[in-house]
Amino acid sequence: MSRQNNLNDKIETVPVIGIPLYAENISSAVRHVVSTIEESSSDETWLISATGAHGLVHAQQTPEFRKLLRRFHLNLPDGKPAVWVGRWKGAKEMGRCYGPDFFATLMEASADQEISHYLCGGAEGVADELKKACATKFDNQRIVGTHCPPFRPLTEDEFAQLGRDIDEAEADIVWIGISTPKQERFAAQLSECTSASFIITVGAAFDFHIGNVRQAPTWMQEAGLEWFFRLLMEPRRLFKREMTLVSGFIYYNLKELLTGRFFEEAM
């Protein structure tokens with residue numbers, strides 16, 4: 001069962017437009033996950049989301065989703081602009097915790113550990129391809145199960161069955177690769193059906209690591225221009241969405257700066 005979250009007193013966060021984002025970096029987040037699994041004897045399931053501009057903006061527009069993200073054990077800063085805001089607010093050690101990079105680092109760090117993983121997400125066959133990629137790219141053979149969820153919402157019985165599959169496989173970490181905000185809601189509901197230690201949402205990480213989707217060059221990532229790279233790749237499909245997210249992120253941060261309202265809500 002998910003009982004979020006009595007480990008928060010060990011975690012440094014900084015509020016970015018109302019959402020507490022992790023104020024450290026990938027390495028420390030990975031150490032936290034590994035040590036929690038090794039040291040914890042409880043059956044609690046902790047939720048982690050790689051939270052980018054999409055999630056942050058959607059949280060301002062949807063109170064139910066904002067409340068959900070605040071329940072998560074960690075909201076990792078998936079985008080560079082959120083890191084800039086966090087550092088401006090005083091989180092000097094804050095680093096970008098990009099979902100695909102967090103996935104890769106944790107896979108490598110746990111390759112020789114007694115930590116098992118379950119992959120849930122992507123189109124038909126994607127999770128199985130990622131399982132093979134984990135063995136070759138990260139030398140991690142401890143993928144104990146995969147699942148491709150349908151595009152429609154799962155029923156309660158289907159969530160219960162998925163939870164049983166995860167527990168029977170004795171998975172410590174369940175990775176969810178769908179899209180925001182669907183994946184966070186999916187993770188929260190699944191947490192009620194499994195005793196896995198962590199459920200982590202990482203968006204398009206599955207497709208990135210099997211080569212289905214191109215990643216932006218490093219310099220564009222560092223410059224906070226991934227949205228522009230995605231727009232160049234699929235201008236017709238993504239123009240409206242990316243423009244809405246970029247303008248929304250700027251608007252809500254300016255609103256917070258002028259009023260302080262979101263900062264107070266997140267404390």
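The values are calculated or read from the model by the stated rules, or taken from the named source; none is laboratory data. Keep in mind it's a predicted model, so treat the numbers as computed, not measured. Every residue, glycine as well, gets a Cβ built from its backbone with ideal geometry; the counts of neighbours run over all protein chains shown. Side chains are part of the model used for accessible areas, which takes the heavy atoms of the whole protein and leaves out ligands, DNA and RNA. Shrake-Rupley method; radii C 1.70, N 1.55, O 1.52, S 1.80 Å.
Over the chain, what percent of the accessible surface lies on carbon and sulfur atoms, probe 1.4 Å?
Carbon and sulfur together cover 52 percent of it.
Place a point 7 Å from Cα of residue 84 in the direction of its Cβ. Which residues in the stretch 221-250 have their backbone N less than 18 Å from it?
Flagged as within label range: 221-231, 242-250.
Positive end of the charge dipole of the chain (Lys, Arg +1 and Asp, Glu -1 on Cβ, about the Cα centre): tell me which of 147, 134, 260 has its Cα farthest that way.
Projecting each Cα onto the dipole axis, the largest value belongs to 260.
Suppose each label sits 7 Å from its Cα in the direction of the beta carbon; what would the residue 136-residue 229 distance come out to in nanometres?
Result: 2.2 nm between the two label points.
Take the Cα atoms of the stretch 22-145, find their three principal axes, and give me the spread along each one in whole Å, biggest first.
Sorted from largest, the Cα extents of the stretch 22-145 read 40, 32, 30 Å.
Inverting the mean 1/r over all pairs of different Cα atoms, compute the Kirkwood radius of the chain and quote it in Å.
Value: 18.7 Å, from the Cα pair sum.
Put a dot 7 Å past each Cα toward the Cβ at residue 241 and residue 167; how far apart are the dots in nm?
Taking the two extended label points, one gets 3.5 nm.
Provide 24, 44, 222 ordered by accessible surface of protein heavy atoms (probe 1.4 Å), highest first.
222, 24, 44
Accessible area per residue for the chain in Å², computed with a 1.4 Å probe and the full protein assembly in place, what is it?
48
Show me the three semi-axes of the equivalent ellipsoid for the stretch 135-245, from the C-alpha gyration tensor (sqrt of 5 times each eigenvalue), largest first, rounded to whole Å.
Sorted largest first and rounded, they come to 30, 18, 11 Å.
Only four residue types carry charge here, +1 at the Cβ of Lys and Arg and -1 at the Cβ of Asp and Glu. Report the dipole size of the chain about the Cα centre in Debye, rounded to the nearest 20.
Roughly 1400 debye for the chain.
Sort 192, 256, 168 by heavy-atom solvent-accessible area, probe 1.4 angstrom, most to least.
So the residues, ranked largest to smallest area, are 168, 192, 256.
Going down the table (80/255; 132/182; 131/182; 92/240), which pairs top 30 Å between alpha carbons?
Over 30 Å Cα-Cα: 92/240.
State, in angstrom, two size descriptors of the stretch 72-168 derived from its alpha carbons: Rg to one decimal place and Dmax to the nearest whole number.
When restricted to the Cα atoms of the stretch 72-168, Rg and Dmax are 16.6, 46 Å.
Going highest first, how would you order 99-107, 156-164 by mean Cβ packing within 10 Å?
99-107, 156-164
Below 12 Å, Cα to Cα, which aspartates and glutamates can residue 67 reach? Residues fewer than 8 away in the same chain don't count.
184, 265
Whole-Hz Karplus ³J(HN,Hα) for the stretch 190-199, in order, using 6.51 cos²θ - 1.76 cosθ + 1.60 and θ = phi - 60°, x for Gly and Pro?
Going residue by residue, I get 5, 4, 7, 10, 9, 10, 4, 5, 9, 10 Hz, with x marking Gly and Pro.
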